[in-house]
Structure formats: structure tokens, C-alpha cells
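Some notes on the structure that comes next.
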């Protein structure tokens with residue numbers, strides 16, 4: 001008998017790629033990945049692993065039927081930082097959810113985040129959080145036989161990219177942040193491990209409460225904690241706090257990031273239901289998730305040249 005199919009949106013990216021890895025490792029399902037370019041190097045590597053590729057694009061609703069047709073389950077994630085999705089992430093997500101339901105998907109796993117605007121009574125918008133949260137209602141109303149919410153953490157991988165250590169005004173290297181460096185409020189984790197929770201949710205089926213929220217978390221950290229982990233590996237980094245208006249001028253998109261960090265300090269990354277949602281994910285995934293110091297020791301290759 002053929003294995004049930006799980007469609008993984010974003011399967012050539014970080015979060016969706018982790019879902020593909022975990023589903024293939026579990027072996028309970030066949031995996032389908034919609035992609036704009038089935039001939040890309042990343043898509044070809046998936047095909048070599050037995051993943052079914054379908055040409056589709058979240059920005060072209062007419063292509064989504066082929067993405068979901070015949071699939072038992074679907075994992076859907078949107079990418080705020082994709083120029084095609086910025087400022088319309090909710091619309092893109094709702095369209096994908098409706099397409100999955102119309103195609104007969106039985107179990108949808110939606111990658112969401114807290115509604116910062118609602119939690120803060122409008123003080124913080126944090127569009128790349130809130131835009132996802134506003135899709136939640138469409139997921140609940142769609143009428144799937146099963147639906148699950150997964151919440152991705154602050155990616156450890158950020159430190160290998162856009163949030164790598166930079167020169168500081170003091171002459172040191174490290175991070176200038178618009179929040180209290182001692183505030184232990186950042187729920188962080190390895191983005192690849194989101195896939196472990198998603199695969200476990202699909203395998204659990206109706207043994208998992210419908211509408212469950214699974215928050216993937218390797219630990220809760222302050223900026224001081226992050227710096228201490230780096231320096232334990234022989235680095236000499238520092239972190240300083242800067243005013244929000246100064247941070248806004250650091251790079252394109254800095255205002256969105258500044259508002260996010262201020263939200264963290266006020267409400268924590270996962271918000272008031274963090275402990276409940278983290279516990280649900282940990283219960284589903286034996287052994288939990290990798291802590292930062294352990295991840296860093298395996299993945300840090302040294303700071304890039306200034």
C-alpha cells in the first residue's frame with residue numbers, strides 16, 4: 001500500500017527543509033515539495049532522496065491545487081522576508097489554507113507565531129509575527145479533520161547570518177541590541193528541529209489533541225547568555241544596549257527587528273502561553289530540543305572577517 005502523502009510548503013528552505021528531513025527519517029509518509037523551480041539544485045537534491053516535486057507558487061493560487069491534490073497532510077509556512085510575501089503574509093497564508101482544504105487535505109500543520117498586536121493592545125505590531133497569527137482563525141474555520149499549530153523559535157541559525165557578530169563602537173565585536181541584554185526572554189532553538197515536532201504531529205494523528213500548539217524551544221535566553229556561550233568557545237564578544245531610534249538606522253528592516261526585540265522584553269518570544277506550548281512539543285518529541293551551547297559548539301566556525 002502506498003504511503004500517505006504529506007505536502008511540505010517551503011521544503012527547499014530552512015524550516016520546511018527540516019520538516020522534509022524529519023518526515024523522511026520517520027518513514028511513515030511520502031513527501032511532496034511544491035517549488036517554483038523543480039530544476040534548481042536544491043530541488044534536484046530532494047528528488048534524489050525520493051521527494052516528489054510539483055511546480056507551484058504560493059503567489060499563484062491557480063498552481064496550488066496540484067501542490068495539495070491527493071495529499072493526506074500538509075505543512076504550510078510563509079516567509080515574510082520573501083519580497084513577494086512582505087506585507088501580505090496573512091493573505092498568502094489564508095489562500096494556501098483554503099487551497100489545501102479544497103484539495104481534500106485531512107491534516108494541516110500551520111507554522112504560526114504569537115499575535116503581538118493583540119497581546120500588546122496595539123503597542124507592538126511585529127508584522128512578521130502578527131501576519132502569521134492572523135491566519136490561525138482561517139485554519140480553525142476551514143473544517144480540516146485535523147489541524148495543528150507549530151511555533152518556530154528564534155533561530156540559532158540567525159547567528160550564522162544576519163545576526164552574526166559585528167564591530168561595536170567600543171572597538172569590540174559582538175551585538176548592539178535595543179533591549180536589556182540581561183532579560184532572559186528569548187525562546188530560541190535550531191530551526192531544523194521544527195521538523196521533528198511536525199513529523200511527530202503527523203504520525204500522532206488523532207492521538208494529538210486537535211488544535212494543539214507545539215512551540216519548539218531549545219531554551220530561553222538573554223543576550224548575555226548568548227554571548228557567554230560564544231565566549232566559552234574562546235571568543236571575546238560583547239553586547240551593548242542602544243536606543244531604539246539608533247537601532248532603526250542600522251540596516252534595512254531594522255525597525256521591524258527593533259520592535260520585535262522590544263516585544264520580547266515585554267512579553268517573551270512565545271508570549272504568555274509559552275510554557276504550555278513548549279511542554280506540548282516536548283511531550284510529543286522525546287528528549288526535547290537542542291540547547292544553544294550544544295548547538296553552537298557543533299556549528300560555530302568562527303566570526304567572519306570585519
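The values are calculated or read from the model by the stated rules, or taken from the named source; none is laboratory data. None of these values were measured; they are calculated from a predicted model. Here the Cβ is made from the backbone with ideal geometry for all residues, glycine too, and neighbour counts use every protein chain on show.
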Hey, could you check segment 225-245 for residues that are free of Cβ contacts under 8 Å to residues at least 60 places away in the same chain and exposed (fewer than 14 other Cβ atoms within 10 Å of the Cβ) and say which is farthest from residue 262 (Cα to Cα)? 234
The lone exception for residue 270 - which of (1) surrounded by fewer than 20 Cβ atoms within 10 Å (Cβ to Cβ); (2) in contact with a strand residue (DSSP E or B) (Cβ under 7 Å, 6 or more places away or on another chain); (3) modelled with pLDDT of 95 or more it fails: (1)
Residue count for segment 198-221, restricted to those that are surrounded by 24 or more Cβ atoms within 10 Å (Cβ to Cβ) and assigned to a helix (DSSP H, G or I): 4
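One line per residue, one yes/no per condition, for (1) closer than 18 Å to residue 184 by Cβ; (2) part of a helix (DSSP H, G or I):
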residue	(1), (2)
234	no, no
240	yes, no
245	no, yes
255	no, yes
259	no, yes
263	yes, yes
275	yes, yes
280	no, yes
Take the residues in segment 141-161 that are out of contact with any strand residue (DSSP E or B) (no Cβ under 7 Å at 6 or more places or on another chain) and in contact (Cβ under 8 Å) with a residue 60 or more places away in the chain; name whichever of them is farthest from residue 281 (Cα to Cα). 160
Among the candidates 251, 289, residue that is crowded, with 19+ Cβ neighbours inside 10 Å and in a loop (DSSP other than H, G, I, E, B): 289
The listed residue being in contact (Cβ under 8 Å) with a residue 12 or more places away in the chain, in contact with a helix residue (DSSP H, G or I) (Cβ under 8 Å, 6 or more places away or on another chain), under 15 Å from residue 135 (Cβ atoms) and in a helix (DSSP H, G or I), out of 95, 78: 95
Residues located in segment 30-50, provided they are surrounded by 19 or more Cβ atoms within 10 Å (Cβ to Cβ) and part of a loop (DSSP other than H, G, I, E, B): none
Picking from 164, 143, 131, 195, the residue that is at positive phi and either assigned to a loop (DSSP other than H, G, I, E, B) or surrounded by 18 or more Cβ atoms within 10 Å (Cβ to Cβ) (or both) would be 143
Whether any residue in segment 5-20 is farther than 27 Å from residue 128 by Cβ and in contact with a strand residue (DSSP E or B) (Cβ under 6 Å, 6 or more places away or on another chain) is what I want to check. yes
Where residues in segment 51-70 are touching a residue at least 40 places away in the same chain (Cβ under 8 Å), assigned to a loop (DSSP other than H, G, I, E, B) and in contact with a helix residue (DSSP H, G or I) (Cβ under 8 Å, 6 or more places away or on another chain), which of them is nearest to residue 103 (Cα to Cα)? 58
Conditions (1) out of contact with any helix residue (DSSP H, G or I) (no Cβ under 6 Å at 6 or more places or on another chain); (2) assigned to a helix (DSSP H, G or I); (3) crowded, with 22+ Cβ neighbours inside 10 Å; number of the one not met by residue 149: (2)
